[in-house]
Amino acid sequence: MLMTFNGWLLIAVYAALLIVMTRPMGACLYALYDGRALPGAAIERGFYRIAGLDPAEEMSWRRYAVHVLLFSFVGVVLTYAFLRFQGGLPLNPSGMRALDPHLAMNTAISFVTNTNWQSYAGESTISNLSQMAVLTVHNFLSAATGIAVAFAVVRGFARREASGLGNFLADLTRVTLYLLLPVSIIYALVLVAGGVPQTFAGSVVATTLEGGQQTISLGPVASQEAIKMFGTNGGGFFNANSAHPFENPSAWTNFIQMLSIFVIGAGLTHLFGRAVGDRRQGWAIFAAMLILFVAGAGLTYWAESAGNPNLHALGIVGGNMEGKEIRFGIAASTLFATITTDASCGAVNAMHDSFTALGGMIPLFNIQLGEIIFGGVGSGLYGFLIYCLLAVFVAGLMVGRTPEYVGKKIEGREVKLAVLAIAVPPLLILGLTGLASVLPEGLAGRANQGPHGF
């Protein structure tokens with residue numbers, strides 16, 4: 001058993017700092033949600049004039065949703081075209097070729113939807129220009145879209161009578177301009193100070209201890225890494241993601257990255273409480289998320305520290321270090337795994353497939369919950385609120401009262417929509433997994449046999 005005091009202290013300090021940061025982040029988000037004037041308002045107004053946009057014009061929920069979908073659709077088309085012509089564009093020092101149609105479409109959809117799932121090795125596939133002008137840009141825009149939708153959902157709960165839920169393009173602009181961009185600039189500089197590269201060079205040749213030559217890939221890593229974590233994107237500059245020393249060099253950069261994954265999701269719970277006029281509601285949601293997170297992190301740490309009993313029987317004693325970086329160890333690796341799967345971030349500093357059965361079950365369980373433990377930026381809050389509606393409805397039936405939540409009656413239509421939102425994702429996941437388990441194309445894509453193949 002390799003559990004240590006320092007390991008438990010790491011989890012405790014992380015949880016404590018998250019609690020401390022929740023209120024100031026929530027206050028910042030509330031200022032953006034409320035539409036109040038902030039430093040740099042002249043720049044904001046300039047963007048609106050160029051776009052011919054009136055930020056005070058309210059959108060109905062239908063119009064807001066249509067703008068979200070159209071914005072995302074245009075993003076997919078432009079990203080696909082950019083990646084298909086990558087080979088002929090500048091800032092391509094390593095001579096990366098254009099992506100094939102399937103890979104370009106996969107990448108475009110993945111980054112526009114904040115999924116950031118990658119079926120390529122970034123250092124051997126994507127040019128510096130594509131990393132910055134396409135993938136990093138989408139890291140900002142997809143995160144801002146998620147937060148904007150969260151603003152609209154919160155307005156729906158907070159307002160008693162209204163013909164609209166805000167303005168999507170104004171929300172998108174404000175979140176990007178006042179929150180994501182300035183924090184990411186400072187964050188990237190901190191990462192550069194910690195050893196993360198930020199250069200237009202494609203690679204550097206190093207001489208190994210044995211006297212051989214090794215080509216090491218470089219690029220504008222820090223700028224993508226900052227918004228990758230802060231916006232819970234997860235798409236790595238390198239194939240090894242945050243296990244790569246150029247993305248995550250040390251224990252303290254690892255801690256900063258873990259903290260940045262949760263901070264917006266935590267702040268949104270405080271925003272919700274302030275917006276509905278009852279801060280206890282926000283802290284209740286935060287407390288439920290925090291309990292689930294700490295329980296998962298503790299159980300994963302215990303399981304990985306216990307190690308593999310099959311190896312113990314052979315006389316190999318110790319925790320499970322398979323698939324983990326020595327510079328992080330078991331505690332920091334399992335904490336990172338719990339955080340990133342809670343938030344649907346996708347960034348990893350260890351191979352989850354190499355965890356023990358119980359240690360690997362917790363990250364998988366976190367994913368199956370639908371990113372409601374702080375979750376992705378925006379999606380964590382409104383995903384959790386769906387469960388709040390169902391809980392209030394069931395409790396109301398049990399005590400014989402009309403179900404209400406933050407002053408809003410919960411009736412049949414709301415419950416049907418909530419159940420639909422919960423039922424559709426597992427239906428799609430299980431259905432498509434079932435097809436993949438019998439079709440030749442699905443079977444050909446497995447990295448492992450048996451249950452791990454899924």
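Could you give the size of the charge dipole of the stretch 55-151 about its Cα centre, using +1 on the Cβ of each K and R and -1 on the Cβ of each D and E, expressed in debye and rounded to the nearest 20?
140 debye
Give the lysines whose C-alpha is closer than 23 Å to that of LYS416, dropping any in the same chain fewer than 8 places away, or say none.
By straight Cα distance, LYS416 reaches LYS408.
Along the positive direction of the dipole of the chain (beta-carbon charges: Lys, Arg +1; Asp, Glu -1; about the Cα centre), which of SER124, ASN233, LEU169 reaches farthest?
Sorting the options by dipole projection puts first LEU169.
Specify whether the C-alpha gyration tensor of the stretch 291-373 places it in the rounded, prolate or oblate class, a ≥ b ≥ c being the square roots of the eigenvalues: rounded for a/c under 1.5, otherwise prolate if a/b is larger than b/c and oblate if not. List each step's numbers first, then the result.
Numbers: a/c = 2.22, a/b = 1.77, b/c = 1.25.
In terms of gyration-tensor shape, prolate.
What are the lysines whose alpha-carbon lies under 22 Å from the alpha-carbon of LYS228, with same-chain residues fewer than 8 places away excluded?
Cross-link targets: LYS324.
Label-point separation (nm) for MET105 and MET3, each offset 7 Å from Cα along Cα-to-Cβ?
The two pseudo-label positions are separated by 4.9 nm.
Sorted by mean Cβ packing within 10 Å, highest first, what order do the peptides 399-406, 221-228 take?
221-228, 399-406
Rank PHE384, PRO182, ALA206 by how far each Cα sits towards the positive end of the charge dipole of the chain (+1 on Lys, Arg Cβ; -1 on Asp, Glu Cβ) and give me just the farthest.
PHE384
With only Lys, Arg, Asp and Glu charged, each at its Cβ (+1 for the first two, -1 for the last two), find how big the charge dipole of the chain is about the Cα centre; round to the nearest 20 debye.
Charge dipole of the chain: 1100 debye, to the nearest 20.
By average Cβ neighbour count within 10 Å, what is the ranking of 439-447, 419-427, 79-87 from highest down?
Order by mean packing, descending: 79-87, 419-427, 439-447.
Take LEU91, project a point 7 Å from its Cα along the Cβ direction, then tell me which residues of the stretch 188-220 have their backbone nitrogen under 18 Å from it.
Backbone N within reach: 188-189, 192, 197-203, 218-220.
Would you grab the residues whose amide H sits under 5 Å from the one on LYS408? Only those 5+ places off in sequence or on another chain, please, with H modelled 1.01 Å from N.
Those qualifying (amide H under 5 Å, at least 5 residues apart or on another chain) number zero.
In the stretch 111-203, what trypsin sites (Lys or Arg not before Pro) fall in a loop by DSSP, with at most 12 other Cβ atoms inside 10 Å?
Details: sites: ARG155, ARG159, ARG160, ARG174; in loops: ARG159, ARG160.
Loop-located and lightly packed - ARG160.
What ³J(HN,Hα) values, in whole Hz, does the Karplus curve 6.51 cos²θ - 1.76 cosθ + 1.60 give for the stretch 433-447 when θ = phi - 60°, with x put for Gly and Pro?
Listing the rounded values in order: 5, x, 5, 5, 7, 10, 7, x, 5, x, 5, 6, x, 6, 8 Hz.
Can you list the HN-Hα couplings for the stretch 51-57, worked out from phi with the Karplus curve (6.51, -1.76, 1.60; θ = phi - 60°), rounded to whole Hz and with x for Gly and Pro?
Computed from phi, the couplings for the stretch 51-57 are 7, x, 10, 9, x, 7, 6 Hz.
Counting other Cβ atoms within 10 Å of each Cβ, which GluC sites (Glu not before Pro) in the stretch 1-97 have at most 12 and sit in a DSSP loop?
In loop regions of the stretch 1-97 (DSSP not H, G, I, E or B), the sparsely surrounded GluC sites (Glu not before Pro) are GLU57.
Once fully extended, how much extra length lies between ALA16 and LEU209, figured as 0.36 nm per residue of separation less the alpha-carbon to alpha-carbon distance?
Values: separation 193, 0.36 × 193 = 69.48 nm, distance 4.31 nm.
Answer, rounded to one decimal: 65.2 nm.
What shape does the stretch 1-107 take by its C-alpha gyration tensor, where a ≥ b ≥ c are the square roots of the eigenvalues and a/c under 1.5 counts as rounded, a/b above b/c as prolate, and the rest as oblate?
Note, shape of the stretch 1-107 comes out oblate.
Would you mind computing, in nm to one decimal, how far apart the modelled labels at VAL190 and ASN310 are, each placed 7 Å from Cα along Cα→Cβ?
The modelled label-to-label distance comes out at 4.1 nm.
Taking every Cα atom in the stretch 31-190, find the radius of gyration and the maximum pairwise distance Dmax, and write them in Å.
Calculated on Cα positions, Rg and Dmax stand at 17.6, 57 Å.
With θ taken as phi - 60° and the coefficients 6.51, -1.76 and 1.60, list the Karplus ³J(HN,Hα) couplings across the stretch 329-345 in order, rounded to whole Hz; mark glycine and proline as x.
In residue order, the calculated couplings are x, 6, 4, 5, 6, 6, 5, 4, 4, 5, 5, 5, 7, 4, 9, 6, 6 Hz.
Going by the alpha-carbon gyration tensor, a ≥ b ≥ c the square roots of its eigenvalues, is the chain rounded (a/c under 1.5) or, if a/c is not under 1.5, prolate (a/b greater than b/c) versus oblate?
The shape class here is oblate.
Here, each number is a calculation from the coordinates, and none is a lab measurement. Since the model is a prediction, treat every value here as computed from it, not as a measurement. Cβ: placed from backbone, ideal geometry, glycine included. Neighbour counts: every protein chain shown.
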